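The values are calculated or read from the model by the stated rules, or taken from the named source; none is laboratory data. Remember, it's a predicted structure, so these values are computed and weren't measured experimentally. Virtual Cβ from ideal backbone geometry, glycine too; neighbours counted across all protein chains shown.
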Amino acid sequence: MVDQKIKSAIGIILIVAGFIVASYIVQNNLDFFKNYIGHGFLGMITYTLIVVVSIVLAPINEVILMPVATALWGWFITALLTLLGWTLGAVFVFVLTRKYGAPLIRKLLPLDKIYKYERLMPQEHLFVGIILLRIAVPIDVVSYAIGLFTKIRFVPYFFATLIGFLPLAFFLAYIGTLPAHMQIIGFIVFLFVVIIGYLSVRHKNTKKQEALVKKYGSICNL
């Protein structure tokens, strides 16, 4: 478990470092990206599809492409495109998971990566719980866990996912326009908020599980 947490931390650090490096390169070569990559409608569609694929195939991470997108279309459009891609990808995962379940999912991803998030899944107040979960644990594989371990319906899931993804999409799109030192500060603050949110969600669910065990354990002892 400790090794997995270390690997996760290293993965996050590498993604953040890649994002900052990509931002630096883009900011110092704006003309190249605008002239040779293009910034038309086709590019927007391609970027959105890449984001969708990154959600479905969770190990793929498109975050380092966001500074390029920001250079081409501005941070606001990039945030909207990213939010659209994340939401469409999460919806596809939800439908896929609900229809085919674990037998198909294991062909796409290691199930142990999904099951470790089972205890974080909200069982009450699902709409608000999933919004908080999206903010607190912005990890793509969570989409599979929500589909497998909760009973939320499609429409609430869609809007909870949209709302939950919104802050991160706009944060990443905007911070990609800032100098490197400001990005580092921004990521530190954001990661601190994410850690607090993650611990809060985990603590709340652990308390509920303990209460259920105590309640039904007491009944069984009668």
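Computed values, structure above
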read-out: Condition met for R134 (farther than 26 Å from V63 by Cα and either out of contact with any strand residue (DSSP E or B) (no Cβ under 8 Å at 6 or more places or on another chain) or at pLDDT below 70 (or both)); value: no
read-out: Count - residues of segment 65-115 that are closer than 18 Å to F165 by Cβ, β-branched (V, I, T) and buried (at least 17 other Cβ atoms within 10 Å of the Cβ); value: 7
read-out: Selection within segment 27-62 - at pLDDT below 75 and assigned to a helix (DSSP H, G or I); value: Q27, L30, D31, F32, F33, K34, N35, Y36, I37
read-out: Within segment 146-174, considering residues that are buried (at least 22 other Cβ atoms within 10 Å of the Cβ) and over 15 Å from I131 (Cα atoms), the one farthest from the chain's Cα centre (by Cα); value: A173
read-out: Output for segment 116-129, where each listed residue is modelled with pLDDT under 80 and not acidic (D, E); value: K116, Y117, R119, L120, M121, P122, Q123, H125, L126, V128, G129
read-out: Count of residues meeting criterion [of a type outside the set (G, A, S) and either free of Cβ contacts under 8 Å to residues at least 24 places away in the same chain or within 14 Å of I45 (Cα to Cα) (or both)] in segment 67-89; value: 11
read-out: Among residues of segment 143-168, those that are in a helix (DSSP H, G or I) and either without any contact (Cβ under 8 Å) to a residue 12 or more places away in the chain or in contact with a Ser or Thr (Cβ under 7 Å, 6 or more places away or on another chain) (or both), counted; value: 7
read-out: Segment 169-185: number of residues that are over 22 Å from G74 (Cβ atoms) and either touching a residue at least 40 places away in the same chain (Cβ under 8 Å) or in a loop (DSSP other than H, G, I, E, B) (or both); value: 1
